[in-house]
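Here's the structure, in structure tokens; my notes come after.
The values are calculated or read from the model by the stated rules, or taken from the named source; none is laboratory data. All figures in this text were calculated on a predicted structure; none of them were measured in a lab. Cβ sites come from the backbone with ideal geometry, for glycine too, and all protein chains shown count toward neighbours.
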Number of protein chains: 2
Amino acid sequence: MKRLAFLAILLSQAATAQEAEPVTPASIAEAAAPEEWVAIPPEDLLVMDLAPDAAGRARQVIIQLMPAPFSQPWVQNIRTLARAHWWDGTSVYRVVDNWVAQWGAGEDADAGFVPRPLPEGVVSPVAAYEAMLASVPPQTEQYEALSALVNEQLANAEPGTGFITNQIDGFPTEQSTFWDSFADFVTFDQGWPIGNMYDPRGFAWPVHCYAHVGVARDLAPDTGTGAELYAVIGHAPRQLDRNIAVVGRAISGIEHLSTLPRGTGEAGVYETRAEDAPIVSVRLGDELPEQPRFEYLATTSDSFARYVESRANRDDAFYTVPAGGVDVCNVQVPVRPAAL
Amino acid sequence: MKRLAFLAILLSQAATAQEAEPVTPASIAEAAAPEEWVAIPPEDLLVMDLAPDAAGRARQVIIQLMPAPFSQPWVQNIRTLARAHWWDGTSVYRVVDNWVAQWGAGEDADAGFVPRPLPEGVVSPVAAYEAMLASVPPQTEQYEALSALVNEQLANAEPGTGFITNQIDGFPTEQSTFWDSFADFVTFDQGWPIGNMYDPRGFAWPVHCYAHVGVARDLAPDTGTGAELYAVIGHAPRQLDRNIAVVGRAISGIEHLSTLPRGTGEAGVYETRAEDAPIVSVRLGDELPEQPRFEYLATTSDSFARYVESRANRDDAFYTVPAGGVDVCNVQVPVRPAAL
């Protein structure tokens with residue numbers, strides 16, 4: 001039980017940091033200093049109102065758009081489409097269990113979809129799903145240092161404990177970085193989970209986690225405009241990373257998509273348009289009379305580093321065996337309504 | 001782009017193995033030989049009928065129970081409860097988005113739950129969430145060989161490619177084993193994904209993936225009988241591994257739980273019993289006039305090993321960048337209705 005001894009040390013450190021009350025991820029986020037939270041500009045929020053449900057309850061989904069350097073040509077299209085009120089009157093028309101809910105105009109007028117020309121300037125961008133990450137400098141010393149550190153910890157220390165480090169020389173303070181099954185390593189940038197590849201050019205990409213939003217496309221990679229979008233409603237489909245543009249994440253109301261009936265047509269498309277969930281309107285937050293105000297816990301903050309460590313080593317009353325590891329989609333970056 | 005060269009080799013091998021048509025996980029499972037499929041005995045299936053939905057459609061969930069050596073005291077309780085028809089008239093009373101749907105009698109008569117004494121013999125077992133795995137022999141040569149192989153691959157070969165091997169000397173033929181963020185390594189046993197810890201005693205445990213079913217309990221680990229169960233309806237909550245008994249997985253109908261409205265009361269419990277989804281009956285499959293017949297793809301089969309490799313390296317028309325890795329909950333063991 002070597003690992004448990006190792007964990008006990010980690011936990012006793014955590015206990016020293018915050019005495020008395022049990023430390024949970026939620027309690028760490030709650031105790032974070034006001035300056036550790038970052039406001040999300042209302043113009044970076046996409047507010048989607050579905051028609052009320054059968055019981056007459058409102059259904060609003062709020063999606064935070066992906067910041068540069070990732071997926072910006074699609075994000076720009078999405079801004080154009082929202083400003084044109086293009087999605088008003090479209091619908092959620094495809095829902096697949098443990099996979100995605102998808103919305104927009106639909107492609108096939110034969111199946112009862114209303115053809116809807118795209119606004120001028122909205123075309124399919126070149127399929128560039130990776131970018132350089134300013135917070136993880138390429139060329140190449142940091143990468144080599146990180147590589148050496150990962151490999152040393154994995155090979156010589158306690159194997160399999162889901163390597164996490166918050167101290168990498170030359171990286172931003174308290175950058176949380178860890179091992180991953182799909183990428184060389186994962187980290188966080190501007191509040192977003194990011195996959196990374198060891199490469200002198202420093203390629204990085206946004207990942208598919210629960211509630212993340214991507215650009216639906218056809219088989220050819222250059223066929224997605226952003227007019228049809230999907231949200232993940234199941235286990236993270238990380239195999240889609242670098243194959244589709246990730247453009248945002250639902251920070252409020254994902255349950256209005258995840259509870260929709262699953263489609264029984266081909267590929268989970270509803271068989272009739274009567275089954276669709278109508279979209280009343282989609283607006284950027286700055287166009288609304290009451291602008292949505294949210295903030296996220298800075299992923300470079302001390303509190304976020306402690307939050308990740310706590311996620312990996314749950315120590316509150318319910319947990320008797322801390323995992324000693326975590327995967328990137330199990331570390332949900334805290335997002336909350338901003339105080340006025 | 002070292003990794004892409006590495007993947008290209010893997011993919012060209014896959015292409016050699018099956019010419020012409022694109023190889024997908026689904027096509028590999030479909031092409032598996034009949035003798036690679038294993039029948040699930042009807043008495044190992046728990047058939048739960050919810051009341052029809054608002055549109056009058058039937059809602060049946062079929063749960064495969066966990067085989068020995070894992071969680072057997074709880075599975076025994078579940079068999080006793082099902083034989084006593086104990087769940088008939090109970091309900092799904094708690095649903096939390098990206099977390100669980102939970103059912104049974106409920107604990108609190110004050111909140112409108114009907115008190116319901118447990119059948120004789122149904123008591124909380126000792127909280128033993130780990131066991132020895134017959135298919136992965138402990139003591140200690142294989143573990144050491146595996147450890148050396150994992151560490152060598154991770155340290156010297158292509159880092160971060162989500163290590164998978166199907167050839168480990170002394171392990172069952174074509175056992176698929178890979179790196180994991182929460183366990184020392186993961187493998188499959190009798191069709192189930194299993195976490196493993198490097199230990200001379202060979203501790204192993206069943207993991208929490210989407211649709212897996214566990215025993216709800218109170219804070220103390222010895223407080224769950226199996227009378228209250230939950231199914232995972234979101235990203236795999238692997239931090240629950242070894243903290244709760246995993247007793248099964250929904251192999252049909254999980255969407256009837258994942259689409260239920262999310263609870264708005266404390267911890268996602270429905271605020272009134274009128275919101276509950278009523279459970280009409282829960283039966284073991286061998287008690288039904290028409291016994292459910294399912295089969296799973298043997299996780300020791302050649303086809304399963306290829307299926308895992310394909311999951312990690314999607315190469316069909318949609319995918320332009322194979323991940324080169326996969327996590328254990330993204331490898332869903334193929335289960336299908338058995339031919340008669």
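Here are a few things to note about the model shown:
- Residues located in segment B:306-340, provided they are more than 14 Å from chain A (Cβ to nearest Cβ), in a loop (DSSP other than H, G, I, E, B) and over 15 Å from the mean Cα position of the chain (by Cα): B:338, B:339, B:340
- Matching residues, segment B:206-232, being touching a strand residue (DSSP E or B) at 6+ places or on another chain (Cβ under 9 Å) and at the interface with another protein chain (Cβ under 8 Å from one of its Cβ atoms): B:209, B:210, B:211
- Test: residue in segment B:314-325 that is in contact with a Leu (Cβ under 7 Å, 6 or more places away or on another chain), surrounded by fewer than 21 Cβ atoms within 10 Å (Cβ to Cβ) and in contact (Cβ under 8 Å) with a residue 40 or more places away in the chain: yes
- Every residue from segment A:254-264 that is touching a residue at least 60 places away in the same chain (Cβ under 8 Å) and surrounded by fewer than 21 Cβ atoms within 10 Å (Cβ to Cβ): A:261, A:262
- Matching entry among B:222, B:189 (being surrounded by fewer than 24 Cβ atoms within 10 Å (Cβ to Cβ) and under 14 Å from the mean Cα position of the chain (by Cα)): B:189
- Every residue from segment A:63-78 that is more than 22 Å from residue A:195 (Cα to Cα) and either among the aromatic types (Phe, Trp, Tyr) or surrounded by fewer than 20 Cβ atoms within 10 Å (Cβ to Cβ) (or both): A:76
- When A:134, A:128, A:101 are checked against the criterion of being away from chain B (no Cβ under 14 Å) and either at pLDDT 65 or above or in a loop (DSSP other than H, G, I, E, B) (or both), a single residue qualifies: A:134.
- Looking only at residues of segment A:52-62 that are part of a loop (DSSP other than H, G, I, E, B) and of a type in the set (D, E, K, R), we find that the one that is surrounded by the most Cβ atoms within 10 Å (Cβ to Cβ) is A:53.
- Taken together, A:120, A:130 contain a single residue that is surrounded by 19 or more Cβ atoms within 10 Å (Cβ to Cβ) and over 30 Å from residue B:255 (Cβ atoms), which is A:130.
- One residue from B:274, B:267, B:250 being surrounded by fewer than 21 Cβ atoms within 10 Å (Cβ to Cβ), within 14 Å of chain A (Cβ to nearest Cβ) and under 25 Å from residue A:236 (Cα atoms): B:267
- Some residue of segment B:286-305 being of a type outside the set (Lys, Arg), on the phi < 0 side of the Ramachandran plot, within 14 Å of chain A (Cβ to nearest Cβ) and touching a residue at least 40 places away in the same chain (Cβ under 8 Å): no
- Matching option when the condition is part of a strand (DSSP E or B) and farther than 30 Å from residue A:195 by Cα, among A:49, A:88: A:49
- The set of residues from segment B:171-194 being among the small types (Gly, Ala, Ser), touching a Phe, Trp or Tyr at 6+ places or on another chain (Cβ under 7 Å), modelled with pLDDT of 70 or more and under 23 Å from residue A:184 (Cβ atoms) comprises just one member, B:181.
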